[in-house]
1. Does Y96 satisfy being under 29 Å from Y301 (Cα atoms) and touching a Leu at 6+ places or on another chain (Cβ under 6 Å)?
2. I'd like the full set of residues that are in a loop (DSSP other than H, G, I, E, B) and at pLDDT below 95, limited to segment 24-43.
3. May I ask you to list the residues in segment 103-115 that are under 17 Å from the mean Cα position of the chain (by Cα) and either modelled with pLDDT under 95 or surrounded by fewer than 22 Cβ atoms within 10 Å (Cβ to Cβ) (or both)?
4. So in segment 197-235, with the set limited to residues that are among the aliphatic types (A, V, I, L, M) and modelled with pLDDT of 95 or more, which one is farthest from Q129 (Cα to Cα)?
5. Criterion first (in a helix (DSSP H, G or I) and either surrounded by 20 or more Cβ atoms within 10 Å (Cβ to Cβ) or not aliphatic (A, V, I, L, M) (or both)) does L133 satisfy it?
6. R120 is checked against (1) under 15 Å from the mean Cα position of the chain (by Cα); (2) exposed (fewer than 14 other Cβ atoms within 10 Å of the Cβ); (3) not hydrophobic (A, V, I, L, M, F, W, C) and fails just one. What number does that condition carry?
7. Within segment 276-302, can you find the residues that are outside any helix (DSSP H, G or I), more than 17 Å from A146 (Cβ to Cβ) and not hydroxyl-bearing (S, T, Y)?
8. When you go through W73, W2 one by one, which is the residue that is in contact with an Asp or Glu (Cβ under 8 Å, 6 or more places away or on another chain) and at pLDDT below 95?
Amino acid sequence: MWNMRVEKNWAPNFIVVGAPKAGTTSLYYYLKQHPDVFLPEKKELHFFSHEEICFYTGGPGDAFIAREVCKSWIDYERHFRGAENFSARGDISPSYLIHSDTAERIFKSLGKVKIIILLRDPVEKIISQYTHLCASGRETLLLEEALEAESERYKMNWADFWWYKKSSFLTNNAEVFLKIFGAENVMFISSDEFKINTRDVLSRVANFININDSFEFALEQTFNVSGMPKSKIMASIFVKPNLFTSTLRRFIPSRIGAPVRRFIISLNKGGKPVVNEKTKEKLNEIFYEEKKRIKKMTNFYF
C-alpha cells in the first residue's frame, strides 16, 4: 500500500505533524484563511498512521476515533477534491510524529514534501494533554494516578493520546523526518513562540511552503485551549467520543459540526488543573535529557 508514489496535482505538498497539544489546531485554522492553501474540511485525517490508530483502541472512546480516520487512498483523495487549484496543499495530522513508521510512508507515497513539526515543552504538554482528556469526559483519574497507569494502559492498547510520557519523547522520531526529508525540507515550530509571535511564525510558515508571506491572517480567535470541565456529565454526553457524537460527525459536515463542538466545549470549560509541584519536579527530571536533545536539534529551550 505504501509503495505507490502519488504524482497528481491534488496530492499534499506539505505535512504538519507534532506533539499533542502543541498548536496544530490553531495552525490549521489560520492557514485555512490563506487563499493559496488547501486544507481538507476534516482537520486530522491520520491516513499515514491509521494502521496504528486502528490497532490502539482499548481506551474509552478510542474505537470511535478509529472509525473516523482515513483508511484508503480513495478516501484520502476524496478529502482533497478541488485541491489541484491551490499551490499549497496540506495534511495536518499530529499523530504522524508519534508513530515512527509514518515518515517513510509519507516519503514513499508523496516524495520529498515539506514537513512542519510543532513541539512543546514535554511537561506542559502532558498537563495540557491530561486536561484535554478530562474536558472530553474521558480521563477520570488524578494526574498522578493517570501517569502511574500509563504503562498498563499501553499494554491494554489504549490510544496514543493516553501516552502522556511516551508521546513526549519525540526527538528520535523527529530525527527520522530530518533524515528522510532533509533539513532543508523540515521546519520546526515552538508552541511557545507560536503563541507569543503568531503572525511572525505564520509568515515564516508561508515562506516555507512557498506562498505569499505578507498575507494578513485574522488572529482574534484562539483554538483548542484546554480547561477542566465544569460538568463531567455534559462532557461525557456531548464531547466524549461515543456512539452519539460519532453518529453526528458522520452526518454533519465538519464545517458545521466543528464550530458547534468548540462552542459546547467553551461553555463547559473551567480552569486549569492544580498540579502538585512535586509532580512537576519529577516530570522535569524525567525529561531533562529530552529537553537537552530538543535544544540541540532545534535551539528551542523548554
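The values are calculated or read from the model by the stated rules, or taken from the named source; none is laboratory data. A quick note: this is a predicted structure, and the numbers were derived from the prediction, not measured. Every residue, glycine among them, receives a Cβ derived from its backbone with ideal geometry; neighbour counts consider all protein chains shown.
1. no
2. E41, K42, K43
3. K114 - this is the single residue of segment 103-115 that is under 17 Å from the mean Cα position of the chain (by Cα) and either modelled with pLDDT under 95 or surrounded by fewer than 22 Cβ atoms within 10 Å (Cβ to Cβ) (or both).
4. I211
5. yes
6. Looking at each condition in turn, R120 falls short on (2).
7. Within segment 276-302, N299, F300, F302 qualify.
8. W2
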